[in-house]
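Asker: Can you read through this structure? Questions will come right after.
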Amino acid sequence: MKLFDLTAPTPFNSEKVSFGRHETFALRYGWLTKGFQALQKSKDERVFESDDATVELGVGRNMVHAIRYWLQAARLIVRKPKGGFETTKLGEFLFSENGRDPYLEDEATIWLIHWLIASNAEMATAWYWFFNRFHKPEFTGEEVSASLLDFAKQQIIAKTAETTLKGDAALVLRMYVQSKGNTRTPLEDALDSPLALLRFVSRMPESRNYVSKPDVRDGLPSGIFGFAVAELFKARGDNMLPIATLMYSNDAYPAIGSVFRLTENALLRHLETFIREIPGCFELRETAGIHQLYQLIDIEPIKLLEKHYGRKPRKVAA
């Protein structure tokens with residue numbers, strides 16, 4: 001049995017957090033595919049710990065660790081109770097050789113990877129925090145670091161080194177800001193993460209400030225938005241959620257409006273579009289002036305991805 005259900009969004013737990021496990025490397029194009037398929041092809045569940053891992057993946061030892069981390073953060077593989085790793089149903093759906101989009105050719109997959117990471121409070125705590133708890137629209141890198149340090153001090157039980165937290169804060173920004181081709185920046189650091197394509201964070205011209213504001217996000221695919229909605233219902237075990245709960249992270253769970261940096265009107269518009277596309281599954285109702293979303297039938301989130309990508313697996317080129 002695949003461990004797919006274990007990869008669903010879980011509430012923030014002050015005793016289950018992860019910082020600094022990426023070896024300071026941002027997620028790069030090709031890493032998820034390379035790491036996932038190496039695990040799937042190998043009969044060794046401990047492929048990332050093997051002596052041949054650097055040869056198999058074609059990168060240095062620290063990058064092997066980073067690839068392994070990002071696969072877990074993106075909920076594509078999980079560590080087995082007795083050691084080693086297992087691919088998830090979602091990982092196989094996307095990144096198998098005959099998966100729906102193993103090479104990130106569909107921008108929807110990048111939106112999906114963003115949701116998977118930013119809703120993973122246990123494995124990608126800094127990313128969960130930035131998109132669900134940090135709501136300042138304009139800020140400096142120092143302010144992000146200071147806010148993450150405060151969050152860790154107040155809400156996380158285990159003590160984490162200040163340098164580790166600052167490194168995570170810097171990496172969050174680096175992963176989402178498109179590089180400007182500064183010739184003084186080392187090539188390895190200038191390579192954009194695929195998540196920079198989503199433009200959730202930008203650098204202000206002639207300034208040290210960054211901007212990350214709610215927006216309409218017309219590029220957010222309905223199928224990916226719907227997957228996030230269905231996942232949140234499944235994780236919470238509810239059949240009704242107030243729109244405010246979907247919009248803002250007012251408890252330990254991630255919020256769709258926050259993760260995708262949506263305005264309130266944009267959230268409602270995306271909801272209305274999504275509901276029209278899969279009639280009979282969800283319904284918006286207003287009771288005593290409070291907008292609420294109802295799930296009318298139980299639906300597996302991955303079924304909504306099948307609707308977007310198509311039911312047939314992608315054909316591998318000969």
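The values are calculated or read from the model by the stated rules, or taken from the named source; none is laboratory data. If you're wondering where the values come from, they're calculated on a predicted model, not measured in any experiment. When we count neighbours, we look across all protein chains shown, and the Cβ atoms used for this are built from the backbone with ideal geometry, even at glycine. Just the protein is used for accessible areas: all its heavy atoms, side chains included, with ligands, DNA and RNA removed. Shrake-Rupley method; radii C 1.70, N 1.55, O 1.52, S 1.80 Å.
Asker: How large is the dipole of region 85-235 about the Cα centre if only Lys and Arg carry +1 and Asp and Glu carry -1, each at its Cβ, rounded to the nearest 20 debye?
Answerer: Dipole magnitude for region 85-235 comes out near 520 debye.
Asker: Suppose R0 equals 51 Å; then what is the FRET efficiency for THR24 and ILE290 from their Cβ-Cβ distance, rounded to the nearest 0.05?
Answerer: So, using R0 = 51 Å, E works out to roughly 0.70.
Asker: Take the Cα atoms of region 138-262, build their convex hull, and give its volume per residue in Å³.
Answerer: Dividing the Cα hull volume of region 138-262 by its residues yields 147 Å³.
Asker: Taking all protein chains together and a probe of 1.4 Å, list SER207, SER145 from the most accessible to the least accessible.
Answerer: SER207, SER145
Asker: Also: Could you size up the charge dipole of the chain around its Cα centre, putting +1 on the beta carbon of Lys and Arg and -1 on that of Asp and Glu, and report it in debye to the nearest 20?
Answerer: Here the size comes out at about 300 debye.
Asker: So how compact is region 1-133: Cα radius of gyration and Dmax in angstrom?
Answerer: Gyration radius and largest Cα-Cα distance of region 1-133: 14.0, 40 Å.
Asker: Quick query: amide H of LEU27 versus all other amide H atoms, modeled in the peptide plane; which residues come in under 5 Å with a sequence gap of 5 or more or a different chain?
Answerer: none
Asker: Sticking with this one: Could you list the square roots of 5 times each eigenvalue of the Cα gyration tensor of region 207-318, that is, the equivalent ellipsoid semi-axes, sorted largest first and rounded to whole Å?
Answerer: They are 24, 21, 13 Å, listed largest first.
Asker: Could you give the semi-axes, largest first, of the ellipsoid that matches region 81-120, computed as the square roots of 5 times the alpha carbon gyration tensor eigenvalues and rounded to whole Å?
Answerer: Ellipsoid half-lengths, sorted descending, are 20, 15, 6 Å.
Asker: Among PRO81, PRO137, PRO194, which one shows the biggest mean-square fluctuation in a GNM of the chain, springs joining Cα atoms closer than 10 Å?
Answerer: In the Gaussian network model the winner is PRO81.
Asker: Between ALA230, LEU268, GLY219, whose Cα lies farthest towards the positive end of the dipole of region 203-281 when Lys and Arg beta carbons carry +1 and Asp and Glu beta carbons carry -1, centred on the Cα centre?
Answerer: It is GLY219.
Asker: Quick check on region 72-198: take the gyration tensor over C-alpha atoms, sort the square-rooted eigenvalues as a ≥ b ≥ c, and tell me if it's rounded (a/c under 1.5), prolate or oblate.
Answerer: Taking the square roots of the gyration eigenvalues as a ≥ b ≥ c, region 72-198 is oblate.
Asker: In the structure shown, do any of LYS34/LYS307; LYS136/LYS213; LYS41/LYS89 have a Cα-Cα gap over 18 Å, and if so which?
Answerer: Violating the 18 Å limit, Cα to Cα: LYS34/LYS307.
Asker: Which FRET efficiency, nearest 0.05, do THR163 and ASP218 yield, Cβ-Cβ r, R0 51 Å?
Answerer: That pair, THR163 with ASP218, gives E of 0.85.
Asker: Ok, one more. With a Förster radius of 30 Å, plug the Cβ-Cβ distance of ARG61 and GLU142 into 1/(1 + (r/R0)^6) and report the FRET value to the nearest 0.05.
Answerer: 0.40
Asker: Now for a different question. Per DSSP H run of at least 4 residues, take -39500 (n - 2.57); add these up for the chain, divide by its residues and hand me the 222 nm value, nearest 500 deg cm²/dmol.
Answerer: -12500 deg cm²/dmol
Asker: What GluC sites (Glu not before Pro) does region 1-99 have in DSSP loop regions with at most 11 other beta carbons within 10 Å?
Answerer: Filter output for region 1-99: GLU15.
Asker: Now, a different point. Could the peptides 98-105, 168-175, 157-164 be put in order, highest first, of the mean number of other beta-carbon atoms found within 10 Å of their residues?
Answerer: Packing proxy ranking, top to bottom: 168-175, 98-105, 157-164.
Asker: Once the Cα gyration tensor of the chain is diagonalised, what are the square roots of 5 times its eigenvalues, in whole Å and ordered largest first, as equivalent ellipsoid semi-axes?
Answerer: The three semi-axes for the chain are 29, 26, 19 Å.
Asker: Still on this structure, I have one more. Taking the Cα centre of the chain as the origin and placing charges on Cβ (Lys, Arg +1; Asp, Glu -1), which of LEU293, ALA53, ALA26 is farthest toward the positive end of the dipole?
Answerer: Ranked along the dipole, the leading option is ALA53.
Asker: Moving to a separate point now. Just the accessible area for HIS22, please: 1.4 Å probe, Å², rounded to the nearest 10?
Answerer: The accessible area comes out at roughly 10 Å².
Asker: Give me the number: length gained by fully extending GLU272 to ASP51, i.e. 0.36 nm times residue separation minus the C-alpha to C-alpha distance, one decimal in nm.
Answerer: Contour length minus the Cα-Cα distance gives 74.4 nm.
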